[in-house]
Amino acid sequence: DLYWGDPDITRWVPKECFIDFREIGTFDALYSYISNMSKDQYNQLQKAGQEFIGNKEFQPHTSEAFSKTVIDRILKDFEVI
């Protein structure tokens, strides 16, 4: 649940679902953050991620959705559809 990537990630994934490394800044600070995380904080992070994965908002991020996009593009490029 650690994220270090696109700054616009919260457009697609709720902030509650991950730890944003950019806000923490260093690996030492990350270690301290995770080491001091309470069991409740950890469980909330896990629950938020599971709820997001189970939500329809996650559907565009699935392998099935990616496969459909690729197949549709191939079919379009080869003028099959």
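The values are calculated or read from the model by the stated rules, or taken from the named source; none is laboratory data. Predicted model only: the values in this text are computed from it and were never measured. Heads up, the Cβs are rebuilt from the backbone with ideal geometry, glycines too, and the neighbour counts pull from every protein chain shown.
Tell me, which residue of segment 1-39 that is without any contact (Cβ under 8 Å) to a residue 12 or more places away in the chain and among the charged types (D, E, K, R) is nearest to residue 51 (Cα to Cα)? It comes out as 15. Put simply, of 58, 66, 52 the only residue that is aromatic (Phe, Trp, Tyr), farther than 20 Å from residue 4 by Cα and part of a helix (DSSP H, G or I) is 66. If the condition is being of a type in the set (A, V, I, L, M, F, W, C) and more than 21 Å from residue 56 (Cβ to Cβ), then segment 1-18 contributes 2, 4.
Only one of the numbered conditions (1) at pLDDT 95 or above; (2) in contact with a Leu (Cβ under 6 Å, 6 or more places away or on another chain) is violated by residue 1, and that is (1). Residues of segment 34-58 that are within 25 Å of residue 12 (Cβ to Cβ) and either touching a Leu at 6+ places or on another chain (Cβ under 6 Å) or loosely packed, with under 10 Cβ neighbours inside 10 Å (or both): 54, 56. Taken together, the criteria place residue 79 among residues that are in a loop (DSSP other than H, G, I, E, B), charged (D, E, K, R) and either modelled with pLDDT under 95 or on the phi > 0 side of the Ramachandran plot (or both). For segment 1-49, a residue qualifies if it is assigned to a helix (DSSP H, G or I) and of a type in the set (D, E, K, R), and the qualifying residues are 11, 15, 16, 22, 23, 28, 39, 40, 47. The set of residues in segment 17-33 that are at negative phi and surrounded by fewer than 14 Cβ atoms within 10 Å (Cβ to Cβ) comprises 22, 23, 26, 27, 28, 29, 31, 32.
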